[in-house]
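Engineer: Please find one structure pasted underneath; my questions will follow.
The values are calculated or read from the model by the stated rules, or taken from the named source; none is laboratory data. Small disclaimer: the values here were computed from a predicted structure and weren't measured. Methodologically, a virtual Cβ is constructed for each residue, glycine included, from the backbone with ideal geometry; neighbour enumeration extends over all protein chains shown. What goes into the accessible areas is simple: the full protein's heavy atoms, side chains included, and nothing from ligands, DNA or RNA. Shrake-Rupley method; radii C 1.70, N 1.55, O 1.52, S 1.80 Å.
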Amino acid sequence: LDEKLAGLQPNALYVIGARPAMGKALALGTPIPTPDGWSTMGDLVVGDKVLDERLVPCTVTWKSPVFVDHRCFEVVIDGGADTIVADAEHQWLSWAPGQADGVVRTTTDLTPGHRIPRARELGEPGPVLWHTVTSIRPVPSVPTQCITVDSPHHLYLAGREMVPTHNTAFALGMACNSAMKDRKPVLIFTL
């Protein structure tokens, strides 16, 4: 994108348009933590509460139709502590070994050794905690679905290891990268 746009320019307004549900579809059976216990992606409905990356309840504001015939992959985390099946375009905030800044990658761009952030207990001090991607392999297509949540960072937790996952990941990735790289404030309006 930087090559096409010559990078993001100061004082510019960027509008990112895409139909809902792009880049965040998980298998219907993916465990989703809620304030009252566990649900699954397939069982959630608009209005349900789920947990964001700070373990704070947030509301499901939109749910996609069920997608079929997407390319799917099994992402194994922490040597098998958790396994998440996601479609090829699902987006993950991840760090490659030795990489200082996080990058939003699709499932197909993840490789073993990439780190993804771990949810923090409320008020838990200390450095960022990590999960490590152990392996990724294609699996037969399964029905997938995605949700939109009203959390401040548009993140919700997925899987038994409570991996933060995105909605609006592409735009947030651009904004985070710009803010960290240029050390300037970034303002996001999201519909």
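Engineer: Taking the condition buried (at least 19 other Cβ atoms within 10 Å of the Cβ), polar (S, T, N, Q), closer than 17 Å to CYS146 by Cα and at pLDDT 90 or above, does THR30 pass?
Structural biologist: Working: buried (at least 19 other Cβ atoms within 10 Å of the Cβ): yes; polar (S, T, N, Q): yes; closer than 17 Å to CYS146 by Cα: yes; at pLDDT 90 or above: yes.
Criteria met by THR30.
Residue by residue, here is whether (1) at pLDDT 80 or above; (2) among the aromatic types (Phe, Trp, Tyr); (3) more than 19 Å from ALA27 (Cβ to Cβ); (4) open to solvent by 50 Å² or more (accessible area, probe 1.4 Å) holds:
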{"position": "ARG160", "(1), (2), (3), (4)": "yes, no, no, yes"}
{"position": "PRO164", "(1), (2), (3), (4)": "yes, no, no, no"}
{"position": "ALA169", "(1), (2), (3), (4)": "no, no, no, no"}
{"position": "ILE188", "(1), (2), (3), (4)": "no, no, yes, yes"}
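Engineer: Within the stretch 143-153, how many residues turn out to be crowded, with 20+ Cβ neighbours inside 10 Å and within 20 Å of VAL75 (Cβ to Cβ)?
Structural biologist: 4
Engineer: Of these, VAL56, VAL46, which one is more than 18 Å from the chain's Cα centre (by Cα) and modelled with pLDDT of 85 or more? Let's see the steps before the verdict.
Structural biologist: On the way: VAL56 fails: more than 18 Å from the chain's Cα centre (by Cα).
After applying the criteria, what remains is VAL46.
Engineer: Any residue in the stretch 94-105 that is within 22 Å of THR40 (Cα to Cα) and either assigned to a strand (DSSP E or B) or at pLDDT below 85 (or both)?
Structural biologist: Going through the stretch 94-105, the residues within 22 Å of THR40 (Cα to Cα) turn out to be none.
No: the stretch 94-105 contains no residue that is within 22 Å of THR40 (Cα to Cα) and either assigned to a strand (DSSP E or B) or at pLDDT below 85 (or both).
Engineer: Cβ-Cβ distance below 8 Å, separation of 6 or more or different chains: which pairs start in the stretch 35-52 with a residue that is in contact (Cβ under 8 Å) with a residue 40 or more places away in the chain and end on one that is of a type in the set (D, E, K, R)?
Structural biologist: LEU44/LYS63
Engineer: Now a separate question. Condition test on THR132, is it polar (S, T, N, Q), open to solvent by 30 Å² or more (accessible area, probe 1.4 Å) and closer than 17 Å to TYR156 by Cα?
Structural biologist: On the way: polar (S, T, N, Q): yes; open to solvent by 30 Å² or more (accessible area, probe 1.4 Å): yes; closer than 17 Å to TYR156 by Cα: no.
Answer is no for this residue.
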